[in-house]
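Peer 1: Structure below; questions to follow.
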Amino acid sequence: MAEQEEGFVVRDRRGGSSETAAQASGPSASPKPVAESDAAHQAPAFPVTFSSFVISLGSSSLMLMGEKLDPQQQAVPVNLPQAKEIIDLLSVLEEKTKGNLTSEEQTVLRDMLYALRMKYVSLSSGK
C-alpha cells in the first residue's frame with residue numbers, strides 16, 4: 001500500500017495582515033490563487049533597471065559609510081571594508097559593461113562611482 005504524503009502550507013507574513021498561502025500535496029502541487037490586492041502589494045514600486053540596480057548598490061555603500069538616506073531610519077554602523085567591496089563591485093560592473101551601456105546608464109554608473117570613491121577616501125583618510 002502506498003503512503004500518502006501530507007501537504008504543507010506556506011504563509012508570507014511580511015506584507016501585513018493579508019495572508020498568502022500555497023498548499024502542496026505531493027507531486028501535483030498547485031498554489032491557491034492569490035488575490036489581486038496581494039499580487040499588487042508584492043509587485044515592485046519601480047521597474048528594476050541597470051540604473052536602479054546601480055543606485056541601490058550605491059545607496060547601500062553610502063549607508064555603510066554612515067549616511068542616513070532616510071531621517072527616520074536608524075543609523076547603520078560604519079563598515080568601510082564592506083562599503084569598499086560594493087565600490088569594487090561597481091568598478092567591476094563598469095569595466096565589464098564598457099561599450100554596452102546607454103549614455104544615461106553610463107552616466108549614472110560613473111557619477112555614482114565618483115561620489116562613492118570621494119566619500120570613501122574622505123572617511124578612510126580621517127578628513
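Peer 1: Restrict the check to region 77-93 and report whether at least one residue is outside any helix (DSSP H, G or I), at positive phi and surrounded by fewer than 11 Cβ atoms within 10 Å (Cβ to Cβ).
Peer 2: No, because not a single residue in region 77-93 is outside any helix (DSSP H, G or I), at positive phi and surrounded by fewer than 11 Cβ atoms within 10 Å (Cβ to Cβ).
Peer 1: Residue check: is Glu104 part of a helix (DSSP H, G or I), out of contact with any strand residue (DSSP E or B) (no Cβ under 7 Å at 6 or more places or on another chain), surrounded by 14 or more Cβ atoms within 10 Å (Cβ to Cβ) and charged (D, E, K, R)? It would help to see each step written out before you state the result.
Peer 2: Working: part of a helix (DSSP H, G or I): yes; out of contact with any strand residue (DSSP E or B) (no Cβ under 7 Å at 6 or more places or on another chain): yes; surrounded by 14 or more Cβ atoms within 10 Å (Cβ to Cβ): no; charged (D, E, K, R): yes.
When the stated conditions are applied, Glu104 does not pass them.
Peer 1: Then there's this: Which pairs have Cβ atoms under 7 Å, sit 6 or more apart or on different chains, and link a residue in region 98-127 that is of a type in the set (S, T, N, Q) to one that is in a helix (DSSP H, G or I) and modelled with pLDDT of 95 or more?
Peer 2: Partner pairs satisfying both residue conditions: Ser124/Leu80.
Peer 1: For His41, which of the numbered conditions (1) within 26 Å of Ser122 (Cβ to Cβ); (2) modelled with pLDDT under 95; (3) assigned to a helix (DSSP H, G or I) fails to hold?
Peer 2: (1)
Peer 1: Which one is farthest from the chain's Cα centre (by Cα) among residues in region 57-76 that are surrounded by 12 or more Cβ atoms within 10 Å (Cβ to Cβ), farther than 17 Å from Ser122 by Cβ and free of Cβ contacts under 8 Å to residues at least 24 places away in the same chain?
Peer 2: Val76
The values are calculated or read from the model by the stated rules, or taken from the named source; none is laboratory data. Predicted model only: the values in this text are computed from it and were never measured. So basically every Cβ, Gly included, is an ideal-geometry build from the backbone, and we count neighbours across all protein chains shown.
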